[in-house]
Amino acid sequence: MRVVSGIQPTGKPHLGNYLGAIVNYVKLQDEAHALGGECFIFLADLHAISQPHDPAELTTNTREMVATLVACGVDPSKTVLFNQAQVPAHAELQWLLNGTARMGWLGRMTQWKDKAGKNREGQSVALFTYPVLQAADVLLYQATHVPVGEDQKQHIELTRDIAQKFNTDFCAEDAPVFTIPEVYTPPTAARIMSLRDGTAKMSKSDPSEMSRISLTDDPDTIMKKVKKAKTDPEPLPSEAQGLEGRAEAQNLVGIFSALTGRSVDEVLADHGGEGFGAFKPALGEVLVETLSPINARFMELKGDQESLDAILARGAAQAREHGLPTLDKAYKALGLVRG
Ligand code: TYM
């Protein structure tokens with residue numbers, strides 16, 4: 001079992017990142033560790049420069065993201081935790097895969113279409129080729145499981161297509177260079193929505209702070225954001241079916257379900273018939289209970305820049321070593337001569 005996933009160090013990580021991905025980093029890290037497998041979690045800092053960014057902020061966000069991941073339970077003694085910028089093989093393998101990826105495949109990516117909008121000509125080349133770097137991230141380590149939220153599923157499907165085409169075009173049938181990875185998404189929280197609009201994804205780039213719960217929000221802020229979350233005037237139904245067509249209600253109940261580990265039907269068996277005046281404080285409490293210890297640990301870790309940098313340096317050294325055999329095989333399969 002090889003677990004590989006990444007997160008961009010842009011802005012503050014939020015509840016969507018946590019329930020959609022980070023919870024599963026920790027779950028799969030422990031499973032892999034118990035089975036004698038490996039887990040690689042990295043900060044996608046090379047992806048973060050595909051859009052306009054402030055260099056000083058990127059540096060700060062990178063360190064804060066390491067602190068957040070560790071505070072959430074990613075354990076550097078079980079997981080290889082690093083940033084892409086210290087492992088040149090990611091960018092090298094991307095170049096090798098650029099020969100296999102097709103323009104048409106990249107042009108169909110919804111993230112590219114959403115982010116570029118009507119101004120495709122004005123976008124960086126990096127934003128367009130972003131999914132090829134993501135494929136390199138995953139394939140470099142022969143990943144079997146890739147824990148991500150719903151919005152990254154398409155990129156992992158593309159990763160599979162690139163790996164399959166490379167194996168078919170350049171490898172003997174019994175000696176493929178790349179493992180074909182599987183996407184791993186959570187059952188109820190693969191797509192957490194904005195607190196201001198149940199049809200939009202909760203996102204780091206939403207200009208409204210009220211649209212998301214940051215993992216480092218204090219209890220008062222969490223309670224305030226939940227109380228102000230958009231809802232409808234109806235009470236909660238007593239079965240999941242009754243949430244259809246009620247995007248905001250569905251999102252809040254989904255968050256409650258994911259945080260408590262109970263199914264949506266179980267949550268509604270307890271809370272069906274309640275109005276949001278009663279349900280929101282209950283949800284707020286569950287959120288505070290989950291996020292308070294994370295916040296406290298984050299505050300302890302955040303100031304110790306030296307330790308955070310040491311975690312990344314140590315992880316990067318391990319990652320460089322693990323990635324090398326696959327990179328060598330890819331060069332060789334393409335007929336490139338090296339020393
Ligand atoms: P990023 O940084 O946008 O998000 C990190 C993880 O959080 C998940 N996520 C969500 N899940 C549920 N609901 C939401 N509202 C929500 N918002 C974000 C994302 O699906 C992701 O799993 N391209 C990636 C980073 C990346 C990567 C990789 C991931 C680079 N290389 C290789 C996996 C494998 C990204 O920008 O994620």
Q: Determine the sum of side-chain charges near residue 322: Lys and Arg each +1, Asp and Glu each -1, restricted to other residues whose C-beta is under 10 angstrom from that of residue 322.
A: 0
Q: Mind listing the long-range amide H neighbours of residue 193? Cut-off is under 5 Å, sequence gap 5 or more, other chains count too, H placed in the peptide plane at 1.01 Å from N.
A: 202
Q. What are the ³J(HN,Hα) values, in whole Hz, obtained from phi via the Karplus relation 6.51 cos²θ - 1.76 cosθ + 1.60 with θ = phi - 60°, for each residue of the range 122-136 in sequence order, with x given for Gly and Pro?
A. x, 7, 6, 4, 4, 5, 6, 8, 3, x, 6, 5, 4, 4, 4
Q) Any idea how far the Cα center of the range 193-235 sits from the one of the range 39-111, in Å? A) 26
Q: Report, in degrees rounded to the nearest 10, the 0 to 90 angle that the Cα long axis of helix 55-72 makes with the longest principal axis of the chain.
A: 70
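Counting residues in the range 1-138 as N, plug N into 2.2 N^0.38 Å and put the Cα Rg over that result.
1.10
For the range 197-265, what is the convex hull (Cα atoms) projected area averaged across all directions, in square nanometres?
For the range 197-265, averaging the hull's shadow over all directions gives 5.2 nm².
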**Q.** Dimensionless Rg ratio for the chain, taking C-alpha atoms and the 2.2 N^0.38 Å reference
**A.** 1.04
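Mind checking the range 78-111 for trypsin sites (Lys or Arg not before Pro) that DSSP puts in a loop (not H, G, I, E or B) and that have at most 14 other Cβ atoms within 10 Å? It would help to have the intermediate numbers written out before the result.
On the way: sites: 78, 102, 108; in loops: 78, 102, 108.
Those that pass, being in a loop and sparsely packed, are 102, 108.
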(Q) Pairs of alpha-carbon atoms within less than 8 angstrom and 6+ residues apart define the contacts here; what relative contact order does the range 158-273 have, in percent? (A) 21
(Q) Could you sort the peptides 289-295, 82-88 by per-residue average Cβ neighbour count (10 Å cutoff), highest mean leading? (A) 82-88, 289-295
**Q.** Three-way shape label, the range 242-339, alpha-carbon gyration tensor, a/c 1.5
**A.** oblate
(Q) What is the angle, in °, between the Cα long axis of helix 247-260 and the longest principal axis of the Cα atoms in the chain? Nearest 10 is fine, range 0 to 90. (A) 80
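Of the listed peptides 169-182, 30-43, 9-22, 204-217, what is their order by residue-averaged count of other C-beta atoms within 10 Å, with the highest listed first?
Working: 169-182: 14.4, 30-43: 18.7, 9-22: 23.4, 204-217: 16.9.
Going by the mean number of other Cβ atoms within 10 Å, highest first, we get 9-22, 30-43, 204-217, 169-182.
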Q.
Using the Cα atoms of the range 270-309, I'd like the radius of gyration and the largest Cα-Cα distance, Dmax, both in angstrom.
A. 16.6, 52
Q) Check residue 39: other-chain or 5+ apart residues with amide H under 5 Å from its amide H, H built from backbone geometry? A) 3, 80
Q | Relative contact order computed over the range 236-332 (Cα-Cα under 8 Å; 6+ residues apart), in percent | A | 24
Q. For the chain, what's the relative contact order in percent, using C-alpha pairs closer than 8 Å and at least 6 residues apart?
A. 24
Q. Can you list residues whose amide H is under 5 Å from residue 14's amide H, if they're 5+ apart or on another chain and H is modeled 1.01 Å from N?
A. 215
Q | C-alpha long axis of helix 23-35 to longest principal axis of the chain, angle in ° | A | 50
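Report, in debye and to the nearest 20, how large the dipole of the chain comes out about its Cα centre when Lys and Arg carry +1 and Asp and Glu carry -1 on their Cβ. Working shown, then result.
On the way: 34 positive and 43 negative charges, 170 e Å.
The dipole magnitude comes to about 820 debye.
Just so you know, all these numbers are worked out from the coordinates, no wet-lab data involved. Here the structure is a predicted model, which is why all the values come from computation and not from measurement. Please note: Cβ atoms are built from the backbone with ideal geometry, for glycine as well, and neighbour counts cover all protein chains shown.
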